[in-house]
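S.K.: Take a look at this one; I'll ask things after.
The values are calculated or read from the model by the stated rules, or taken from the named source; none is laboratory data. From a predicted model like this one, the values you see are computed outputs, not experimental measurements. Neighbour counts are summed over all protein chains in view; Cβ atoms, including those assigned to glycine, are modelled from backbone coordinates with ideal geometry.
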Amino acid sequence: MLLTERKALPKGLGWLAEIKFDGYRALASTGPVPALRTKNGADCTAWFPELTPTLASLPSDCILDGEICVLDEFGRADFDRVHTRALRRGWYDGADSVVYCVFDLLAERGRDVRQVPIETRKSALERLILDANRKNAAGGLLYVQAIADQAEWLYAHVLALKLEGVVCKRSGSAYQAGIRSSDWVKVKRPGSIPASRFQRFARGG
């Protein structure tokens with residue numbers, strides 16, 4: 001499910017707001033042999049091997065959606081550092097450890113829950129993540145909390161902490177795979193994406 005970008009926060013009630021983490025969007029499947037795939041479908045499991053033990057500790061046949069990030073000492077996502085990790089395609093001496101910031105649940109123990117309201121999906125996801133982190137000392141999974149009808153409050157903190165932005169999700173909405181939906185709205189902090197990033201990708205970096 002893709003986001004619609006806007007310059008202003010949605011008006012009115014009925015929205016959940018989350019911090020937008022700046023990383024590599026990925027879907028994770030759980031089980032004895034977990035897997036991670038990028039938004040474009042590339043298998044990136046071996047790129048971030050430190051996530052495998054915790055994903056393996058989750059119940060089988062779950063599918064998670066989130067962002068793979070490198071977080072600084074203040075909890076801010078650093079895209080350049082996670083991009084460096086991804087380019088190396090595996091662990092190496094001196095590598096930054098990543099965190100999988102998980103914000104949605106598409107399947108729970110083999111049951112497709114994409115049509116379940118987002119609040120119910122996130123409650124189930126929170127239980128899964130908390131249980132996995134208790135069982136596995138390696139951790140590596142971060143549940144992305146949402147708050148109801150407080151987007152302006154959250155965005156003010158995003159500006160103060162210089163985070164990437166916020167994502168607002170319509171209460172009660174379903175997960176629409178492959179669709180850029182107005183039910184998911186992202187509002188970035190001005191200046192959060194430097195021009196140098198686009199120049200680097202244009203050069204193939």
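S.K.: Only one residue in Thr52, Thr84, Thr45 is under 16 Å from the mean Cα position of the chain (by Cα), surrounded by 13 or more Cβ atoms within 10 Å (Cβ to Cβ) and more than 28 Å from Ala17 (Cα to Cα), so which one is that?
M.R.: Checking each option against the conditions leaves just Thr45.
S.K.: On to the next question. Please determine, by comparing only the residues of region 11-61 that are charged (D, E, K, R) and out of contact with any helix residue (DSSP H, G or I) (no Cβ under 9 Å at 6 or more places or on another chain), which one is farthest from Gly94 (Cα to Cα).
M.R.: Here the answer is Lys11.
Each row is one residue, and each column tells you yes or no for (1) modelled with pLDDT under 95; (2) within 25 Å of Val167 (Cα to Cα); (3) touching a Phe, Trp or Tyr at 6+ places or on another chain (Cβ under 9 Å); (4) not charged (D, E, K, R).
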position	(1), (2), (3), (4)
Pro32	yes, no, no, yes
Lys39	yes, yes, yes, no
Cys44	no, yes, yes, yes
Glu50	yes, no, yes, no
Ala56	yes, no, no, yes
Ile63	no, yes, no, yes
Cys69	no, yes, yes, yes
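S.K.: Do we have Leu64 as touching a helix residue (DSSP H, G or I) at 6+ places or on another chain (Cβ under 6 Å) and under 23 Å from Trp184 (Cα atoms) here?
M.R.: no
S.K.: OK, next. Considering only residues of region 174-205 that are surrounded by 15 or more Cβ atoms within 10 Å (Cβ to Cβ) and among the hydroxyl-bearing types (Ser, Thr, Tyr), which is modelled with the highest pLDDT?
M.R.: Looking at residues that are surrounded by 15 or more Cβ atoms within 10 Å (Cβ to Cβ) and among the hydroxyl-bearing types (Ser, Thr, Tyr), I get Tyr175.
S.K.: Out of everything in region 140-173 that is under 14 Å from Arg76 (Cα atoms) and aliphatic (A, V, I, L, M), what residue ends up being surrounded by the fewest Cβ atoms within 10 Å (Cβ to Cβ)?
M.R.: Ala160
S.K.: So, in region 114-162, exactly how many residues are β-branched (Val, Ile, Thr) and out of contact with any strand residue (DSSP E or B) (no Cβ under 6 Å at 6 or more places or on another chain)?
M.R.: Total meeting the criteria: 2.
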